Structures are given as structure tokens and as C-alpha cells.
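Visitor: Just dropping this structure here.
What follows is calculated from the coordinates using simple rules that are stated; it is not laboratory data. Bear in mind that the values here come from a model prediction, so they are computed numbers and not experimental data. So basically every Cβ, Gly included, is an ideal-geometry build from the backbone, and we count neighbours across all protein chains shown.
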Ligand code: SF4
């Protein structure tokens, strides 16, 4: 929502982006935009000048959220399931009150708070691209106030840029943890210095490791993002090896896979058009994920997450450690993930391309869906997808992927 001075006093800011894992979280905008704004694959905040809001302004937003929460809670029906779909809530009553609001901003704010409370009202995500750029004192004040106003909140999370995080100590993070920050999401994308340089990430592997270790030592959960394919064909192996080195040094709580999409308008897209960069295909990206899993130290506690439809094999998810708590005898997550990846890589090229096509056009979720295709249809699809050479095919798939980001 675009926030302006003519809006009702009861309106609070809502930024554009949150991680998929924060879908049910309340979004509180403590900064606007990104402090760096130069990554070669990202256009998210290119037209937004970075701004860190004052503690007073953020507190005013929290007060407004509390105001809407009070109005929504009138429709809580303790002990009586008023709605089959949303037990415990009088959804018709909420909808009626929403329709009675004449101010669009107010309606959106009440709707946002209602969705949050109906989903449990437990998690909060602080926006935007680098909330930890807020001076630590200001962030601490905001966290303490947020916890006072909403004591039922169980988890507060935020984005933090690795370079920025690398300037804080474990003690700084321990202070944020004590004030109520539970998890930091950070787009590491790659751990390879060559790739980081190519994508202009503005951070080095050494800084990532320092940042990650300090966050964890301060008691805050760390969720990092890995972007298979972002380094291009020549740095594909490097991307995986460097990322595994960072994971092994930091042992982050989560590694979230975000397949690279090279979008028109970005620097990397221009580099590709100028012949300075060869796009990775889906197979290269899958091989990178395999390499990261293979190189991960056996004692890690990291959980690999694939929570975005942009990833080809979305069921590749599990612990990177070699051990297993699975009593069914099915082996470790790591063995299962590697076996699934090999199932894909061992298919003939035409079948792999057919799966990519089906997945990228939302006709398949997992490899299992390949079994639902008749042999006649499969033959036709194989013929179609093999009409293009490898480069042409990779470019076509990149086009599909770009639709989702
Ligand atoms: S740090 Fe994040 S938000 Fe900022 S430019 Fe890079 S990818 Fe985009």
C-alpha cells in the first residue's frame, strides 16, 4: 500500500515483499527499500530510495495495528465454531464491518490484521529488504514495544543483508534476541567470491561467514538463500562449492533454494545479451543443488528448504546431516534428496526437458506426475522439446521462470 499524508490516521504501512515462509505473518514496515540496490539480478527496490523510519513512526503503526486487532477480536467466538472454514471466528461479521469502511486504506489494514489473527496471530515479519540497517538501538526499541503490545507473538523475523550483518558482533545480535528478534533471513545467493563479484552482491564469502557465525552465536536463527544458476554456466560448479563452504562454516538453521531467474531490465540480463554471461539451464541448477548436498558436512543441523514454485524439484527438502531420525528405515533426508535428484538427472534429456516444460507451465508438481502422461502424449512432447538446441532451450525455460518472480 502506498502510504501518504492524506490517509486516515488509522492506516499503517505495508511493504511489498516477504519470504514465503512468512505468509501468515503480520508485516510491519520498519524500513523502505534496500540499502544496497545493486545486485545484478534484482530490480525489486530500484525506484525506491532507502528510508529507515523513526521509532515514533513505527510505534504509531504498531498502535494502529493494535487498534484494528481490537476491532477484529470482537468477532472472536470463543468456544463456538461460528464458521466451518475458520472455527472460532464470525467471518460474516468481519466481512460486514469491512464493507462498511469507506476508506480503502482502512479496509486494507483491517483485512490484513483480520487475516493475521485468524491465522493465529503468532508471527511478525519486519520489512523491507534490509531491516537490520535500522540502528540497533532503534530496532531494539521497536522489538520491545512490539512484544509489549502483542504479548501473544511467538516469532519475529526480518531480512538482513549479509554485508550489513557482518558489521555487528555476536553481542549485538544477543541484544536483538533479548529484545525479541528470533530469525534473520539473508539472501546470500552464493558463497563463491567469483559469483558474488559477478552478481555485484557487495559482500565476500569471508563477510558472509563472519555475519552468519555472529548471528548464530547471538542466539538468532539464520535462514539463508541459495540461488542455483545465478553465476552462469562457467561458474556453475563454483557457485555450489562456495555455497557449501559457507554452509559448512556457518551451519545456518535453514538454506532456502531460490532458482535464478535472469529478468529483462537487470544487469545480468544485459550481460547475457552482450555475450558476457551464459545462462544456466535447469539441469545445471539441479546439479548445483546436488553438489551442495553432497559437500555439506555430515554433522550440520541445517535444513534445506524448497519453498518456492520457481524451483524445479520442489520436493527436495530435508536435513543436510548424514544422520536420520526416520525410524521407517528409509534412510537420511540427505540420501533421499540425492536419490530424487539422481532420478531426475538419470532420465534421458528429452524426458528431462518434458518435465521442465510441464513443471514450468504448472502441469506437473513432482517427477511422480510424469507417470500420468500417456506414452503417445509423452512421445509428442519429447519431439516438441527437442526441436531447440541446448542454449535455445535454456533461454526458453528462463522465460518461463521469470513469470514467477
Ligand atoms: S540486497 Fe536484496 S533487495 Fe537489495 S538489491 Fe540485493 S537482492 Fe535486491
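Visitor: Neighbour counts of other C-beta atoms within 10 Å: give me 304, 27 arranged from fewest to most.
Guide: Neighbour counts put them in this order, fewest first: 27, 304.
Visitor: Sticking with this one: Quick one: angle between helix 104-118 and the longest Cα principal axis of the chain, in degrees between 0 and 90, rounded to 10, please.
Guide: 70 degrees
Visitor: Determine by what factor the alpha-carbon radius of gyration of the range 135-270 differs from 2.2 N^0.38 Å, reporting the quotient.
Guide: Relative to the 2.2 N^0.38 Å estimate, the range 135-270 comes out at 1.13.
Visitor: Specify the inter-centroid distance of the range 206-265 and the range 368-399, based on alpha-carbon positions, in whole Å.
Guide: 31 Å
Visitor: Based on alpha-carbon centroids, what's the gap between the range 33-82 and the range 105-143 in Å, whole number please?
Guide: Taking the Cα centre of each part, the range 33-82 and the range 105-143 sit 4 Å apart.
Visitor: Please report, in whole Å³, the volume per residue of the convex hull around the C-alpha atoms of the chain.
Guide: Cα-based convex hull of the chain, divided per residue, equals 171 Å³.
Visitor: May I ask you to list the residues of the range 251-274 whose amide nitrogen lies under 17 Å from a point 7 Å from Cα along the Cα→beta-carbon direction of residue 297?
Guide: 251-255
Visitor: Additional query: With a Förster radius of 30 Å, plug the Cβ-Cβ distance of residue 66 and residue 99 into 1/(1 + (r/R0)^6) and report the FRET value to the nearest 0.05.
Guide: So the FRET efficiency works out to roughly 0.85.
Visitor: What's the angle, to the nearest 10 degrees (0 to 90), between helix 390-402's Cα axis and the longest principal axis of the chain?
Guide: 10 degrees
Visitor: Please work out the ratio of the alpha-carbon Rg of the range 244-307 to 2.2 N^0.38 Å and round it to two decimals.
Guide: Dividing the Cα radius of gyration by 2.2 N^0.38 Å gives 1.37.
Visitor: To continue, here is another question. Rounded to two decimals, what is Rg over Rh for the range 155-198 when you use alpha-carbon atoms and the Kirkwood radius?
Guide: We get a ratio of 1.07 for the range 155-198.
Visitor: Working only with C-alpha atoms, what are the Rg and Dmax values of the range 1-138, expressed in angstrom?
Guide: 16.6, 53
Visitor: Turning to a different aspect of this structure: Taking only Cα atoms and a 10 Å spring cutoff, compute GNM fluctuations for the chain and point out the largest among 273, 356, 314.
Guide: Result: 273 has the largest fluctuation of those listed.
Visitor: Normalised by the residues of the chain, what does the relative contact order come to in percent, with Cα pairs under 8 Å and at least six apart?
Guide: Worked out over the chain, it gives 12 percent.
Visitor: Roughly how tilted is helix 333-345, in degrees to the nearest 10 and between 0 and 90, from the longest Cα axis of the chain?
Guide: So the helix axis and the longest Cα principal axis differ by about 50 degrees.
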